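Input: a single structure, listed below in structure tokens.
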Amino acid sequence: KQAAQQGSVIYVPCHRSHIDYLLLSYVLFNNGLVVPHIAAGINLNMPVVGAVLRRGGAFFMRRSFKNNQLYAAVFNEYMHSMHTRGYPVEYFVEGGRSRTGRTLQPRVGMLLMTVKSYLRDSRKPVIFVPVYVGYEKIVEARSYLGELKGKKKKKENVLTLFKSLKKLRSSFGLVNVNFGKPFHLSETLNNIQPDWQTGSYSIDSKPAWLPEAVNQLSEKVAVGINNAAAINPVNMVATILLTTPRLAMDERLLAEHCERVTGLLKQNPYSEQMTFPLGQGQDWINYAEKMRLTTRQQQTLGDIISLQGTNAILLTYYRNNILHLLAMPSLVASMCQNNSRMSRQKIIWLVKTIYPYIKSELFLRWEKDDIVPVIDSWIETLCKNGLLIKGKDALHRPIAGSRNAVLLHALARIIIPTLERYYIAIAILRRSGSGQISATELESSSTQMAERMSILHGLNAPEFFDKTLFRNFINNLRKESIIEVNDEGQITYGPNMDRIGEDARLVLNAELRQSILQVAIDAENIKPDVTDSKAA
């Protein structure tokens, strides 16, 4: 409300469902705030529906402005008019809806228009308000699952819309709408170009520093959204159950794990904006069962809660909503998963090495140079809760089979699939050799190999072989100067690549590494890595 009084507010929510459009306007209206003008895809401009949405504040835009200068000029001018007049605006920086539950890599088109408009006229402040929308059950869940498995996305039409209305008779639980910390556009511009206000800008101005400013702005928006994440009963139960080999757990142990993991985050919160569910672990389990997302198998020694059929895959979506909240404790836990003892310095060094890739994928809030105190803080939190044990000169994991050891394993398993994906790309790259494979070929081979691994080992998550995640990882290897691309477009690398392969042995167990290597050999007929095979 304070931000709305200071200037032109731009609401930038994550995009999880078509319900997002309605939901945010509903919340703002009920809190006495002006309903924003909403940038909506042209696909929603359907007969009858389009007219209703337009009267509700929507304005429609094409997916691409390419090769249409007149359309681009008119749209830019329309956006400039709204900003200078102080109208609240809403748009989704992810572009489309997230099919995986993660915050997607931002598309900077709308942000670029906003920045260029502000450069032309900065008299009225422009304030971004990140918004996190967390569902317990989304309407489009089944269609998302089909699309992740390769099914073609259905084009929106009136008939499909009316057919889907019957779904609203079902229960979809509650929705959390959390507002992140507002920030001024001028803050980002001041960081990039302190004297930006002294320049003279037109609609066609493209100062050299503009791309970096827009990139930083897009990351700040995505991080702001994730800062406001909400833990709810469904995503917490999903997170714990998906760490188990058989997707099943004793009810009492599941309730205990849910409470203890939530308790860790309460002791060491990810951010001030994140929120927690009401009730206890048993309440959350009962709620997930009521939502027909889990299955109960009655046993004399205690009931078993499990995930059956497509629910196992669907619940990865909700797990991914809060994956970033648990990334740091999970990374620390994973370091001790295959090592009975490890020095604090080694853990910090390994986590710091992996962090830039995790940060880019999950939009974590800390800069690389600021991460050591965060790692140290999590080591202390895990020690305080008995999940790590301080020795004379090293940290030890709990006694095998103890409840703390079981929880440490579950905590580590949250981030392990991400590290497995990284190792797949590294394994293919090392076996191909320096200068022998292009970035496009590496992305394609990694995707195919990950899909095969998913089928052979039942990883139950189509996102595991999402090519955009591999593309992002390869790009970050370049940013970190681990790899380079030569004049022929082939990837070259030095000794650092071998060091990464060696470090993987400290995090991923030998059986898993050997499985990845064997799939690589079977799928691509590549010679095995003798060194790694012996270790395995």
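The values are calculated or read from the model by the stated rules, or taken from the named source; none is laboratory data. Model, not experiment: these values are computed from the prediction. Positions of Cβ are generated from backbone atoms using ideal geometry, with glycine treated the same way; all protein chains shown enter the neighbour counts. Surface areas here come from the heavy atoms of the whole protein model, side chains and all, with no ligands, DNA or RNA. Shrake-Rupley method; radii C 1.70, N 1.55, O 1.52, S 1.80 Å.
For the chain, the 222 nm mean residue ellipticity estimated from helices alone, with every DSSP H stretch of n ≥ 4 adding -39500 (n - 2.57) and the total spread over all residues, rounds to -16000 deg cm²/dmol. Here the extension length gained between Thr353 and Lys467 equals 38.8 nm, from 0.36 nm per residue of separation less the Cα-Cα distance.
Each DSSP beta bridge with both residues in the chain is either parallel or antiparallel, and the antiparallel ones are about 60%.
One chain, two ends: Glu488 and Gln2. Fully extended at 0.36 nm per residue, the span grows by 169.5 nm beyond their Cα-Cα distance. Residues of segment 304-339 with the amide nitrogen closer than 16 Å to a label point 7 Å from the Cα of Asp250, along Cα-to-Cβ, please. Under cut-off, by backbone N: 304-306. Placing dummy labels 7 Å off each Cα toward the beta-carbon, the span from Ser171 to Ser271 is 3.1 nm. Computed with a 1.4 Å probe over protein heavy atoms only, the accessible surface of the chain comes to 47 Å² per residue. Taking volume of the Cα convex hull per residue in Å³ as the quantity of interest, determine which of (1) 163; (2) 174; (3) 154 was computed from the displayed structure. After the calculation, the listed value that fits is (2). Pairs exceeding 23 Å between alpha-carbon atoms, taken from Lys137/Lys467; Lys220/Lys368; Lys206/Lys359: Lys137/Lys467; Lys206/Lys359. Classified by the C-alpha gyration tensor, segment 1-92 has an oblate form. Its axis ratio a/c, with a ≥ b ≥ c, is 1.5 or above, and a/b does not exceed b/c. The charge dipole of the chain, taken about its Cα centre with unit charges on the Cβ of Lys, Arg, Asp and Glu (plus for the first two, minus for the last two), comes to roughly 1380 debye. The fraction of accessible area contributed by carbon and sulfur in the chain is 51 percent, rounded to a whole number (1.4 Å probe; ligands and nucleic acids excluded). With both labels modelled 7 Å from their Cα along Cα-to-Cβ, the Arg63 to Trp366 distance reads 3.9 nm. Maximal additional length on extending the Ser340-Val35 stretch stands at 104.2 nm, based on 0.36 nm per residue less the C-alpha distance. Toward the positive end of the charge dipole of the chain, about the Cα centre and with charges on Cβ (Lys, Arg +1; Asp, Glu -1), which of Phe128, Val485, Gln337 goes farthest? After comparing all options, I get Phe128.
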